[in-house]
Amino acid sequence: MKRIGKIFILPKKEVLDPQGKAVTSALHSLGFAEVVDVRVGRFIELALNDGSDERVREMCEKLLANTVVEDYTLEIVFEG
Amino acid sequence: MKFGVVVFAGSNCDRDCFHVVSNILNQDCVYVWHKEKTLPPLDCVILPGGFSYGDYLRAGAIARFSPVMNAVREFSDRGGLVLGICNGFQILLEAGILEGAMRLNACGSFVCRHVNLRCENYGTTFTRGVPSGKILNIPIAHAEGNYYAPPEVMSSIERNGQVVLRYCDVAGNVDALSNPNGAAGNIAGIVNKQGNVFGLMPHPERASEAVLGSDDGLHIFRSILKQL
């Protein structure tokens, strides 16, 4: 069974997100007035042949996210 | 004095730094490839500007794991002088050698132009030669220069005099209009607590000869020489 690590990275709430701001105003100008806020982040998919949540968390802390300005969540799913 | 300029895959200001150190300052200078595990005997290491590893993931995020960075960390722990310019500053932040992090510029785009800088601490090894009150005219060229630090870090670096350069207007006023990238506190450059590691987004090596429109960057390079 293949393991897929899915990592979602977003700028922290208290950190200004210039991309999110630009996308918000673009959506507003397209008439999507219901949009209150947008945050733009990064989605990373890891193909794993082994590994626990702990190992993937370590990858996030060491490299994949910068925890000074970003939050991350992760999930590991099994495929095949 | 002997300088080393680290060359990462994607550095593009390494030659400019080498040129200024060897031809303008008349100091010894060597290149250090980022795969090196040790540094030759040096007084000052320069981490130059550029786009190491294509800025993939985050600027500096991958370069900080280059083998040479362990040697740079040991060198700085022993009190060796480290100057990180632009991408070099980003690498020092990612490595945790300097505190804080860079976000995308608040304006959402790459910014490349001359800025005015006010020196906030004339006591550092990197600024002791800057004339008091002098507003430095030095260019920036980056997309991720929007400095951020959590509130407790902001207050400690401000309290300790670690904020060395701020973006300002031509008269030295620090305000939102003179902030090119949204950096917290208009911060353009900081030192570590010990004062031997300096990171800055502006490029002093691009402003070290009058023919380039400004030689204000020399105040920073000459400060380093004055110390040793």
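Since every read-out is calculated from the coordinates, none of them should be taken as a lab result. In this text, all values refer to a predicted model and were calculated from it rather than measured experimentally. Please note: Cβ atoms are built from the backbone with ideal geometry, for glycine as well, and neighbour counts cover all protein chains shown.
What the table below lists for this structure:
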read-out: Rg over Rh, two decimals, the protein assembly as shown (C-alpha only, Kirkwood Rh); value: 1.00
read-out: Gained length - residue B:78 relative to residue B:173, 0.36 nm times residue gap less alpha-carbon distance; value: 30.5 nm
read-out: Chymotrypsin sites (Phe, Trp or Tyr not before Pro) restricted to DSSP loop in segment A:14-80 with at most 14 other C-beta within 10 Å; value: A:32
read-out: Per-residue mean of C-beta atoms belonging to partner chains within 10 Å, peptide A:63-70; value: 6
read-out: Unit charges on C-beta of K, R, D, E only; dipole of segment A:2-79, Debye; value: 160 debye
read-out: Inter-chain Cβ neighbour average for residues B:57-69, partner chain, 10 Å; value: 2
read-out: Positive dipole terminus of chain B, leading residue within B:201, B:80, B:153 (C-beta point charges); value: B:80
read-out: Selected from B:177, B:92, B:165 as most flexible by GNM, with chain B as the system and alpha-carbon contacts under 10 Å; value: B:177
read-out: Crossing angle, helix A:18-29 versus chain A [Cα axis fit, 0-90 degrees, rounded to tens]; value: 50 degrees
read-out: Antiparallel %, DSSP beta bridges [both residues in chain B], to 5; value: 60 percent
read-out: Order of B:224, A:76 under a 10 Å beta carbon neighbour criterion, fewest first; value: A:76, B:224
read-out: Förster-model FRET efficiency, 35 Å R0, residue A:47 and residue A:16, C-beta, rounded to 0.05; value: 0.55
read-out: Per-selection Rg to Rh, segment B:14-95 - Cα, Kirkwood hydrodynamic radius; value: 0.95
read-out: Environment charge at residue B:17 (Cβ cut-off 12 Å; Lys +1, Arg +1, Asp -1, Glu -1); value: -1
read-out: Likely footprinting exposure, B:147, B:31, fewest C-beta neighbours within 10 Å first; value: B:31, B:147
read-out: Among beta bridges that DSSP assigns inside the protein assembly as shown, antiparallel share in %, nearest 5; value: 70 percent
read-out: Charge dipole magnitude, Cβ of K and R +1, D and E -1 - segment B:2-227, Cα centre, debye nearest 20; value: 220 debye
read-out: Segment B:44-61 - phi-based ³J(HN,Hα) in whole Hz, Karplus 6.51/-1.76/1.60, Gly and Pro as x; value: 8, 9, 10, 9, x, x, x, 9, 4, 6, x, 6, 4, 6, 8, 4, x, 5
read-out: Virtual spin-label span in nm between residue A:67 and residue A:55, 7 Å along Cα→Cβ; value: 2.0 nm
read-out: Residue exposure sequence - B:102, A:59, B:201 - by fewest surrounding Cβ within 10 Å; value: A:59, B:102, B:201
